[in-house]
Amino acid sequence: MDIREKYLKNYENKTIFSLGNEAVVYGALFAGCNFFAGYPITPSSEIAKVMARELPKVDGYCLQMEDEIASIAAVIGASWSGAKAMTATSGPGFSLMMENIGYAVMTETPCVIVNVQRSGPSTGQATKPAQGDIMQARWGTHGDHEIIALSPSSVQECFDLAIECFNLAERYRTPVIFLMDGEIAHLREKLVIPPLKNIHVVERKKAKAEENIFGGKLVPPMSEIGEGKFIHVTGSTHKEDGMRDIESQLVHDTLVRRLYAKVDQNREKIVKTEERFLEDAKTAVVAYGATARPAFGAVLKMRNKKIGFMRLITIWPFPKKQIMRLGEKVERIYVPELNLGQVSREIERFVNCEVVPISKIGGIPHTVDEIYHFIKEKEQW
Amino acid sequence: MIKINEKLCKGCSICVYFCPVGVLKTSEKLNRKGYFLPTPVREDKCTKCRFCEQICPEFAIHITDE
Amino acid sequence: MVIDKQEQRMIKYLRREVLPTTFCQGCGCGTILNAYVKALDDLEIDPREVVSVTGIGCSSWIPSPNFHGDTLHTTHGRAIAFATGVKVMKPDMKVVVIAGDGDLIGIGGNHLMHAARRNIGVTVFLVNNFVYGMTGGQSSPTTPMGIPTASSPYKNIESPFNIAEVVSACGANYVARWTTYHVFSLVDSMKHAIQKKGFSFVEIISQCPMNYGRYVKRRTGVELLQYFKENSINVEKAKDMSEDELNGKFVVGELIERNRREFTEQLRVLNKKIIQKNLG
């Protein structure tokens, strides 16, 4: 039994009273994470703190870099050296990481970027939760690209989805963003660690000797540094063998469309949502992250009305089909979120029914009653 | 022997100017890309110090043991 | 004229299909590539044990794509940070960063300082041509005072960095400076840097005839190399010279050699202890 397995065996089947940020670390360790690089920032710091304590125990490496740009750079370098690598940050640091996230997209580098969203723009309310980086996660780095982003609503999900983030990163060879919020990150509740054998971990697909690692397949296999394959990794437009070609329109078109397609065409395999009471619903509430909790509470309070609930676990790629189906069924969709309507605007693109944002900013999350009264008033129930 | 790779040479003449014993000269002949290539004129003086070989930015000149 | 059918021996280390290089006539980048592969050849290092990490700019194109070995061509200024991740996971490999003054000192100066402080076993060959060459000759953090550039058309009024001194003050284990004229010494220093445990750094003063040369009225590689040759002073000799006497001169030679403990080695020692303790 190797060191990691021994370590994980100690945790399986345990019930822990855990912080959201802490659960992310345990999830990452169960997913095989062996490299972390980060920079202190509220409200994500506990992730780096627990990583620094736990990662050496499984013979992994935890680095505090000089800034967030260096953190994501080290993560990408480590990933190309065979590591399952992760970084964690919050808004200002996430902004700094954008260029290298684009590099990870372009070079198809599996890695996980945790963004514990806090109230912005700029320094904003550093210690307060928000959900204002939804669109930044999607479009923050320049150029056409697709991205995968998941959002947890409980401490248990911090653990479960952290594993899912690593698996998606490996399966689709792409950076995956774990879009948490300050609320869930600092929430302490029950975490049940499942038995080791029940945890599915996706391992990296290695390229054969003559296989191209930047094309030929929708998701090409990967080689690592030091295998003697003399890989050439560049953020410039490159051919299937990795060699730079910045002149050919065809090469760029083929590459960028493939990077787009590998997420877009697998949308149904990636997307996860949770649906409740939608069978006969005429009204629906769509929420995600911390906001899903009071939103569901409000829905429960209105069970005598035909109101349903959908929680987005996957934010990007957007659950297009699920939202379209919902739009055909209900007359009105309420979207409570801790921003000025980022997901509600995305929903509007796919439905013909009315979409009503319940926006709240300023660092205090919605209460059940707030959402309840808002909907009740609007529906004149 | 001093050998010059006509395909790689860009005619910068660094080898010509910095040869410690002045073995080379810029020829009047152009290569296919329009560069004036160096040419050995006093090869008997060559001490095989390989300075030209090492400083050449294009890997276009080298000394063989012949 | 002797036309060569054989190749220069070092070409075996290059990706043949990309030759000739993309560098301008008389550029120093090719000379540095030549010295780099000569150093590896002299040391009999298998290219499979080497990974070259570069940033953005002409000098980042020295190994990417020319060198036939694992190559990470990364974002502007961040090569050392990428290399840090590589070295931690691949401590037995030779991790070599090659990039320019604008890249490593300008946008990436922070990473350079911290890597030297951390003393991670990465070798950095900083190609200092005093200018942002690829973008058309803007002033860089090493452009001498008084020189006009594309972004300082009247003259550069900023003081340049003495970057080798900065890196040595940050704690690097080995620091040297040479010019592209001093090729044999450069190869020796590169060999030493590659072999040295801990952070090693060679500043290579290089010529950009196209976008620096035109501003200093030395428009060819030959003229700039002649200038390097005439104005270089060995560090031993420089010790007895005043600051005024050294103004405008290139102090070349090995500037520092020390033996601080290497970062990834310490990481591994620490991990071993923690694992032993944790498993009882």
Condition broken by A:Arg332, with the remaining ones in (1) within 24 Å of A:Arg118 (Cα to Cα); (2) over 18 Å from the mean Cα position of the chain (by Cα); (3) among the basic types (Lys, Arg) satisfied: (1)
List every residue pair whose Cβ atoms sit under 6 Å apart, with the two residues 6 or more apart in sequence or on different chains, where the first one lies in segment A:259-276 and is closer than 25 Å to A:Arg293 by Cα and the second, anywhere, is open to solvent by 20 Å² or more (accessible area, probe 1.4 Å) and outside any helix (DSSP H, G or I). A:Glu274/A:Arg311
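Residue-by-condition table, conditions (1) in a helix (DSSP H, G or I); (2) surrounded by fewer than 19 Cβ atoms within 10 Å (Cβ to Cβ):
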{"position": "A:Val256", "(1), (2)": "yes, yes"}
{"position": "A:Leu259", "(1), (2)": "yes, no"}
{"position": "A:Asp280", "(1), (2)": "no, yes"}
{"position": "A:Ala292", "(1), (2)": "yes, no"}
Looking at A:Val335, is it in a strand (DSSP E or B), closer than 30 Å to A:Ile177 by Cα and not hydroxyl-bearing (Ser, Thr, Tyr)? yes
Selection status of A:Ala48, open to solvent by less than 10 Å² (accessible area, probe 1.4 Å) and in the same structural domain as A:Ala104 (by TED's automatic domain parsing): no
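Determine which member of the set A:Val24, A:Val58 is buried (at least 24 other Cβ atoms within 10 Å of the Cβ), modelled with pLDDT of 95 or more and not basic (Lys, Arg). Before you say what the answer is, go through the steps one by one.
Details: A:Val58 fails: buried (at least 24 other Cβ atoms within 10 Å of the Cβ).
Going through A:Val24, A:Val58 in turn, just one is buried (at least 24 other Cβ atoms within 10 Å of the Cβ), modelled with pLDDT of 95 or more and not basic (Lys, Arg): A:Val24.
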When the residues of segment C:15-53 are filtered to those that are open to solvent by less than 40 Å² (accessible area, probe 1.4 Å) and charged (D, E, K, R), which remaining residue is nearest to the other protein chains (Cβ to nearest Cβ)? C:Arg15
Which is open to solvent by 10 Å² or more (accessible area, probe 1.4 Å), closer than 30 Å to A:Leu63 by Cβ and within 11 Å of another protein chain (Cβ to nearest Cβ), of C:Lys196, C:Lys272, C:Lys229? C:Lys272
Residue that is nearest to A:Gly120 (Cα to Cα), among those in segment A:154-166 that are more than 10 Å from the chain's Cα centre (by Cα) and open to solvent by 10 Å² or more (accessible area, probe 1.4 Å): A:Ser154
Scan segment A:19-41 for residues that are in a loop (DSSP other than H, G, I, E, B) and touching a residue at least 40 places away in the same chain (Cβ under 8 Å) and jot them down. A:Gly32, A:Cys33, A:Asn34, A:Tyr39, A:Ile41
Among the residues listed as A:Gly120, A:Gly143, the single one being surrounded by fewer than 24 Cβ atoms within 10 Å (Cβ to Cβ) and closer than 14 Å to A:Gly93 by Cβ: A:Gly120
Looking only at residues that are open to solvent by less than 10 Å² (accessible area, probe 1.4 Å) and touching a Pro at 6+ places or on another chain (Cβ under 7 Å) in segment C:65-103, which one is farthest from A:Tyr61 (Cα to Cα)? C:Asp101
A:Lys320 vs. criteria in contact (Cβ under 8 Å) with a residue 60 or more places away in the chain, of a type outside the set (S, T, N, Q) and open to solvent by 20 Å² or more (accessible area, probe 1.4 Å): no
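Residue under question is C:Thr74, and the condition is that it be of a type in the set (S, T, N, Q), in contact with a strand residue (DSSP E or B) (Cβ under 6 Å, 6 or more places away or on another chain) and modelled with pLDDT of 95 or more; does it hold?
The answer is no for C:Thr74.
How many residues, within segment B:45-62, are touching a residue at least 12 places away in the same chain (Cβ under 8 Å) and open to solvent by 10 Å² or more (accessible area, probe 1.4 Å)?
So in segment B:45-62, the residues touching a residue at least 12 places away in the same chain (Cβ under 8 Å) come out as B:45-52, B:55-62.
If we keep only those that are open to solvent by 10 Å² or more (accessible area, probe 1.4 Å) as well, we get B:45-52, B:56, B:58, B:62.
Residues flagged as touching a residue at least 12 places away in the same chain (Cβ under 8 Å) and open to solvent by 10 Å² or more (accessible area, probe 1.4 Å) within segment B:45-62 amount to 11.
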What number goes with the only condition from (1) under 22 Å from the mean Cα position of the chain (by Cα); (2) touching a residue at least 40 places away in the same chain (Cβ under 8 Å); (3) open to solvent by 10 Å² or more (accessible area, probe 1.4 Å) that A:Ile16 does not pass? (1)
Top-ranked residue in segment C:55-64 [being open to solvent by 10 Å² or more (accessible area, probe 1.4 Å) and of a type outside the set (Gly, Ala, Ser); ranked as farthest from C:Leu267 (Cα to Cα)]: C:Cys58
Name the strands (runs of 3 or more DSSP E) wholly within chain B that hold at least 1 residues that are touching a helix residue (DSSP H, G or I) at 6+ places or on another chain (Cβ under 7 Å), facing chain C (nearest Cβ under 7 Å) and more than 21 Å from C:Leu19 (Cα to Cα)? none
Check off (1) within 16 Å of C:Ala193 (Cα to Cα); (2) touching a residue at least 40 places away in the same chain (Cβ under 8 Å) for C:Ala83 and give me the number that stays unchecked. (2)
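The values are calculated or read from the model by the stated rules, or taken from the named source; none is laboratory data. Bear in mind that the values here come from a model prediction, so they are computed numbers and not experimental data. Here the Cβ is made from the backbone with ideal geometry for all residues, glycine too, and neighbour counts use every protein chain on show. When the accessible area is computed, the model is the full protein with side chains, heavy atoms only, and any ligands, DNA or RNA have been set aside. Shrake-Rupley method; radii C 1.70, N 1.55, O 1.52, S 1.80 Å.
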